[in-house]
Structures are given as structure tokens and as C-alpha cells.
Amino acid sequence: MATDDPGSTMTQTTTSATLDEARAVLAAQPFSALLGARLAEFGDGFAVLEIDLDDRHRQQLGYAHGGVWAYAADNAITFAGGSVLGPRVLTGGITVDYLRPARTGVLVARARVVHRSARQAVCQATLGLAGDDAPYAVAHGRVTVASERTRT
């Protein structure tokens with residue numbers, strides 16, 4: 001897990017969280033439970049989040065709501081960033097590009113860290129639908145993840 005001494009001038013962060021530990025963190029998030037999200041993969045600088053799309057995820061035209069895509073990008077990326085920064089991270093900024101709509105299927109958000117420093121990671125996610133012979137992207141997200149700073 002993370003080692004972060006706020007009084008130190010040098011921060012050393014390592015993580016050895018397992019997939020089961022990461023799943024427990026996800027299960028403790030009421031909003032994630034509401035959406036039915038599950039963590040399929042988790043490791044050093046990457047994470048994969050899945051959601052079975054159904055009626056609760058749709059907007060008025062019958063497509064999966066953009067907020068579901070943004071949530072999936074944000075949470076998958078936060079887990080990827082947390083795998084290198086430690087478990088106490090927050091989103092610092094997010095951009096999601098919606099490429100095409102989707103109605104049904106399993107939404108898969110594949111996130112990875114593209115750059116990191118001691119307190120911040122820049123990550124990206126590609127979102128698609130599982131099960132296709134050639135999975136296609138439905139959205140792409142970029143998020144900056146930052147270590148939570150303790151206020152004294």
C-alpha cells in the first residue's frame with residue numbers, strides 16, 4: 001500500500017494492492033454499486049472497469065447516458081492512477097470525447113497511466129463494448145489523478 005509521510009520532503013509511494021483489495025474499494029462506493037460497476041482487471045498502471053448496460057443507464061433517446069461513460073472513464077482511470085500513486089487519490093480534471101452512442105452490451109473502460117510524478121498521474125481510457133469481433137471505441141477519456149493532500 002502507499003507510504004506517504006506528509007512531514008517528509010521526499011515522498012515514496014508504492015502499491016501492492018491486489019485485485020480483490022481494489023474490488024473491495026469499488027464495492028465501498030455507493031454510486032459504483034448503483035451503476036453495477038465491476039473491476040475486471042487491476043495492476044501496475046492499469047485498470048479495467050465493466051458495466052452491463054441496461055435501462056437504468058439510458059437517457060431519453062434510449063442510448064447509454066454520457067454520464068455513465070464519464071463515470072466509467074473517471075473511475076477506471078482513478079484505479080489505474082491509484083495503482084501507482086497509492087489508494088488515496090482524487091480526480092484533478094477530466095475530458096471525455098464521445099465517439100458514438102451505444103444502447104446495450106457490456107461497457108468496458110480500459111485505463112492506463114501515461115505519465116506520473118510523485119503526486120500526480122496523467123491517465124487515459126478507451127471505452128468500448130465487449131463481445132464484438134472487433135471491439136470499437138465509443139468514448140475516450142483523459143484524467144489527471146492527484147494524491148489526496150491532508151490539510152492540517
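Only residues of segment 107-130 count here: report those whose backbone N is under 18 Å from the spot 7 Å along Cα→Cβ of residue 142, or say none. The answer is 110-117, 120-127. Placing pseudo-labels 7 Å out from each Cα toward the beta carbon at residue 44 and residue 94 gives an inter-label distance of 2.8 nm.
Please report Rg over Rh for segment 33-144, where both radii come from the alpha carbon positions and Rh follows the Kirkwood definition.
Details: Rg = 13.5 Å, Rh = 13.9 Å.
So for segment 33-144, dividing Rg by the Kirkwood Rh gives 0.97.
Once the Cβ-Cβ distance between residue 59 and residue 120 is put in as r, and R0 is 41 Å, what FRET efficiency do you end up with, to the nearest 0.05?
Values: r = 33 Å, r/R0 = 0.80.
With R0 = 41 Å, the Cβ-Cβ based efficiency is 0.80.
Within the accessible area of segment 69-132, the carbon and sulfur atoms contribute 51%, probe 1.4 Å, all protein chains present.
The values are calculated or read from the model by the stated rules, or taken from the named source; none is laboratory data. Quick caveat: nothing in here was measured; it's all calculated off a predicted structure. Methodologically, a virtual Cβ is constructed for each residue, glycine included, from the backbone with ideal geometry; neighbour enumeration extends over all protein chains shown. Surface areas here come from the heavy atoms of the whole protein model, side chains and all, with no ligands, DNA or RNA. Shrake-Rupley method; radii C 1.70, N 1.55, O 1.52, S 1.80 Å.
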